[in-house]
Amino acid sequence: MNHGHQGAMLRQVQSPSCARVTVDGRELLNFGGSGYLGLDGNPFLAEEGAAALRKYGVHSQLGRHYGFASVPNLDAETAARDYFAVDGAMYFGTGYLFGLIAIPALAEVCDTIFIDEAAHYSLRDGAQASGKPVHHFAHRDADSLARLLARKLATGQRPLIATDGMFPTFGTVAPLAQLARLARRHDGWLAVDESHAFGTLGANGRGAVEACGVPRERVVAGGSMAKAFAAHGGIAVGPAGMMERLWRMPAARGAALGSSAGAAMSAASLRLVRRQPELRARLLANSRQLKRGLRELGQAIDDNDSPVAAFVPGNAAHMRGIQARLMEQGIFITYSNYVGAGPEGALRIAAFADHSEDDIQRLLSALGRLLLGAPARLGSLAGRQA
């Protein structure tokens, strides 16, 4: 292991992060991270990326604001328009840029920003960068938003409502249908970070916007291609006219190209997932088996079709102990203190499409032995219902 930030020991990941991952020379059964469709290390995607590097180099030096566009980037945008059934799509260098590009662009046609209190850092940074007034509503609480709109939005003003589609730590889903109705009532827009929902939620894997039945006319959705799609870079999808506005934002002009390999892998992955709906079917079956088993162990797990389950069985030291004992048995789960985890953190478990039923049962059996007698509760933010 190497020393990392502030002297902490870093474990070396020596393989793709699929259902099996090699860490410090040891193979582990892996339920950590976000490789939901089991495509990390897919040879077809890797070869598409390598071919783009050989043909186009790492990236183009000529940007959109000069009237040029990289062929792999354009192909990724074509694949995204087809996959999401929209007329506008944008490919950029990393998913984190979504908030810094989309929210300032939408703020040009809105007056005040209303953002979920547990929204991803990217959305928070984008709201701050917009220069518009920002108000936070209670997590996944449309009634809280409605009250805030009544107090803070002047007559004739238009809101921009920003939220994650699926929240990354607990796998909970935003009440997008209710949020979208509130946005439409005030002639506003909805910005949705779909990083963890793209490829996992919705009848066609188009994310929480699709799963919640929200029309896309006044929605910009986007996020990372490095989760379910196992590629690199970020995308935004929505009305074509709004995508043109996104391209004029400083973050888009200054840092948006990304790599040719990332763009080519993104295009290839979107097409592969569209051709192989069985990937999402296996993921859904595994997610349901995992969550059913965790509930049988007494854990309060949100009832949805996301591949993520998280819970808080005690304090941070107790949870770290559970994680360590599972590691001793060759099973990895995440002790998370990521956004929305709460003061003690949480144990986060992700199902992947390449897990077998036996893999999930092995985890549940090991957890059952460790959780015996431990109190079950959700974190303060995760437990608050919309």
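Just so it is clear, none of the values below were taken in a lab; they were calculated from the coordinates. Model, not experiment: these values are computed from the prediction. Glycine gets a Cβ as well: all are built from the backbone with ideal geometry, and neighbour counts include every protein chain shown.
General remarks:
- GNM remark for the chain: springs join alpha carbons under 10 Å apart, and the peak mean-square fluctuation among Ala162, Ala267, Ala46 falls on Ala46.
- Among the GluC sites (Glu not before Pro) found in segment 178-279, those both in a DSSP coil and sparsely packed, with 15 or fewer other Cβ atoms within 10 Å of their Cβ, are Glu217.
- Each of Leu363, Leu106 was scored by other Cβ atoms within 10 Å of its Cβ. Arranged with the fewest first, they read Leu363, Leu106.
- For segment 201-206, 3J(HN,Hα) computed residue by residue from phi via the Karplus equation (6.51, -1.76, 1.60; θ = phi - 60°) reads 10, x, 4, 10, x, 8 Hz, glycine and proline entered as x.
- FRET E, pair Ala146, Arg11, Förster distance 56 Å, beta-carbon r, rounded to 0.05: 0.75
- Residues with amide H under 5 Å from that of His135, placed H, sequence gap 5 or more: Ile113, Phe114, Ile115
- The charge dipole of the chain, taken about its Cα centre with unit charges on the Cβ atoms of Lys, Arg (+1), Asp and Glu (-1) only, comes to about 420 debye.
- Label of the coordinate-derived value, P(r) over Cα pairs in 10 Å bins from 0, in percent, listed as (i) 5, 24, 32, 26, 12, 2, 0; (ii) 5, 21, 30, 24, 9, 3, 3, 3, 2, 1, 0; (iii) 5, 24, 35, 27, 9, 1: (i)
- Inter-label distance, nm, simple model (7 Å from Cα along the C-beta direction), Ala240/Asn315: 5.9 nm
- Size descriptor, Kirkwood hydrodynamic radius, that averages inverse alpha-carbon separations across segment 32-156, Å: 17.8 Å
- Gaussian network model of the chain, Cα within-10 Å springs - most flexible of Leu28, Leu279, Leu153: Leu153
- Estimated [θ] at 222 nm from DSSP helical runs (n ≥ 4, -39500 (n - 2.57)) normalised by residues in the chain, nearest 500: -12000 deg cm²/dmol
- 3J(HN,Hα) couplings calculated from phi for segment 292-308 with the Karplus curve 6.51 cos²θ - 1.76 cosθ + 1.60 (θ = phi - 60°) are, in sequence order, 4, x, 5, 5, 5, 8, x, 8, 8, 10, 4, 8, 8, 9, 6, x, 10 Hz; Gly and Pro show x.
- Peptide packing: for 115-121, 38-44, the average count of neighbouring Cβ atoms within 10 Å per residue gives the ranking 115-121, 38-44, highest mean first.
- Amide proton proximity set for Val23, modelled H, under 5 Å, gap of 5+: Gln14, Leu28
- Residue exposure sequence - Thr200, Thr22, Thr334 - by fewest surrounding Cβ within 10 Å: Thr22, Thr334, Thr200
- Listed values for segment 140-154 are Karplus-derived 3J(HN,Hα) couplings in whole Hz (6.51 cos²θ - 1.76 cosθ + 1.60, θ = phi - 60°), namely 6, 10, 5, 5, 4, 5, 4, 5, 5, 4, 5, 8, 9, 9, 6, and x replaces Gly and Pro.
- Taking chymotrypsin sites (Phe, Trp or Tyr not before Pro) across segment 54-118, the ones in a DSSP loop with at most 12 further Cβ atoms lying within 10 angstrom of their Cβ are Phe68.
- Positive-end extreme of charge dipole, the chain - chosen from Trp247, Leu45, Pro16 (charges on Cβ): Trp247
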